[in-house]
Every structure is written in C-alpha cells, then in structure tokens.
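Take a look at the structure set out below.
The values are calculated or read from the model by the stated rules, or taken from the named source; none is laboratory data. This one's a predicted model, so the numbers in the text were calculated from it and none came from an experiment. Cβ atoms come from the backbone with ideal geometry, glycine included; neighbour counts cover every protein chain shown. Just so you know, the surface numbers come from the protein's heavy atoms only, side chains and all, with ligands and any DNA or RNA stripped out. Shrake-Rupley method; radii C 1.70, N 1.55, O 1.52, S 1.80 Å.
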Amino acid sequence: SSGINAECPLRPGGISQTDKHIEFFWNVVESLSQEDLRKLIKFACNQERIPFSCPCQESGPEASHVPPYPMKIAPAEGRDDRLIRTETCMFMIKLPQYSSEVVMRERILQAINCRDDPLSG
C-alpha cells in the first residue's frame, strides 16, 4: 500500500472518485515504487513524508498548524497536453482529465522527476 488514502477529499468542481482520470491516478499511485512515491509526496506538498496526524491535534490549540492532510485532488483545465500542477501549501494536486492510464503515468513521472523545480532542493 502507498500510504496515501485513495478516499482523499476532492475539491468541488464536478469531479468524483469514480471519474476515469481519478481512477487512473490511484492506479498509477498504487503501482509506484517507494522511491517514486516519495518523489510524488515531495512534489505534492514539499515534504519528505506524510505525517500521520496534525501536530496541533496532538498538542492542543497552542501548537502550530501544518498544512491540511490528507492530499486533496482538484480539477484542472485541459487534457493530455496539460501538466499536473500542485498547491504544495494545501497538499493539493490539480489533475487534468487525462485520456488514459498510460498518459497519467507519463505525466506523473514527468512531474516527479522534473529537475527544474525550484522546490526540489
């Protein structure tokens, strides 16, 4: 198992867990190596790993808040010609409606292996 919850929240905007491109996304995520999964998490939220819980829930209201978890998926305009985008502070992936699982895999691997990303450190 990837450790990423496939029942993650979807942003309003006409997408659901049963949409084909959402199913393609989870199929690809579940097939990723641990190294590629780590890269996906880094790409999506600029963190090395997903925390099990928010520290503010463990320490009370005075504790600092980390970005909301789990990962959220939001719609993005375009289809196969568009790239995946993220809002790292929200752990949100903006996912175009790719036409196939093959295209989804190509775009995910392209995104997580991009060396021009200024956040990739």
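Straight-line reach from K20: which lysines fall under 19 Å, measuring Cα to Cα and dropping same-chain residues less than 8 apart?
Partners within reach: K72, K94.
Taking amide H atoms as placed 1.01 Å from N in the peptide plane, list the residues 5 or more away in sequence, or in a different chain, whose amide H sits under 5 Å from that of K94.
Here the answer is A74, R85, T86, E87, since their amide H atoms fall under 5 Å of that of K94.
If Lys and Arg each add +1 and Asp and Glu each add -1, what is the summed charge of the other residues whose beta carbon sits under 11 Å from the beta carbon of R85?
Net charge in that neighbourhood comes out at +1.
What figure in square angstrom, to the nearest 10, would you give for the accessible area of R107 with a 1.4 Å probe?
We get 50 Å² for R107.
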